[in-house]
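Novice: Would you mind keeping the following structure in view while I ask a few things?
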């Protein structure tokens, strides 16, 4: 299974509203984590009134997946293209603390990068 594709599909599901029109959000950020035992955990950013790293998909998915997992991150723009999904400094520190084995994140349409924390 291509987990970047799974993260993309998760985000794309929120790009269109119920009437088929595009959402007003500039992007959707999704995360897929594979636990050491192989089970899949998914999450997305949640909207908050004030910036809050705890609302970031990386932190939300790793809180469920636990230590030693693998992480796939995708940011989808309103037009459906990949955009940079590199973790912020707060999430990067959390990822290191959670001993994540590998992080693959979208960079631009069709291009991803891999980080080994």
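Nothing in this text is a laboratory measurement; each read-out follows from the coordinates by a stated rule. The structure displayed is predicted, hence computed values, not measured ones. Every residue, glycine among them, receives a Cβ derived from its backbone with ideal geometry; neighbour counts consider all protein chains shown.
Novice: Based only on other Cβ atoms within 10 Å, what is the fewest-to-most ordering of 56, 90?
Specialist: 90, 56
Novice: Further question on the same structure: By count of other Cβ within 10 Å, fewest leading, how are 95, 76 ordered? The partial results should precede the final answer.
Specialist: Numbers: 95 20, 76 25.
Lowest count first: 95, 76.
Novice: Can you tell me how much longer the chain between residue 78 and residue 13 gets when fully stretched, taken as 0.36 nm per residue apart minus their C-alpha distance, in nm with one decimal?
Specialist: Stretched fully, the residue 78-residue 13 segment lengthens by 22.3 nm.
Novice: Would you mind ranking 81, 2 by Cβ crowding within 10 Å, fewest neighbours first?
Specialist: So the ranking, lowest neighbour count to highest, is 2, 81.
Novice: For an R0 of 22 angstrom, estimate the FRET efficiency from the Cβ-Cβ distance between residue 67 and residue 46 and round to the nearest 0.05.
Specialist: After rounding, the FRET efficiency stands at 0.45.
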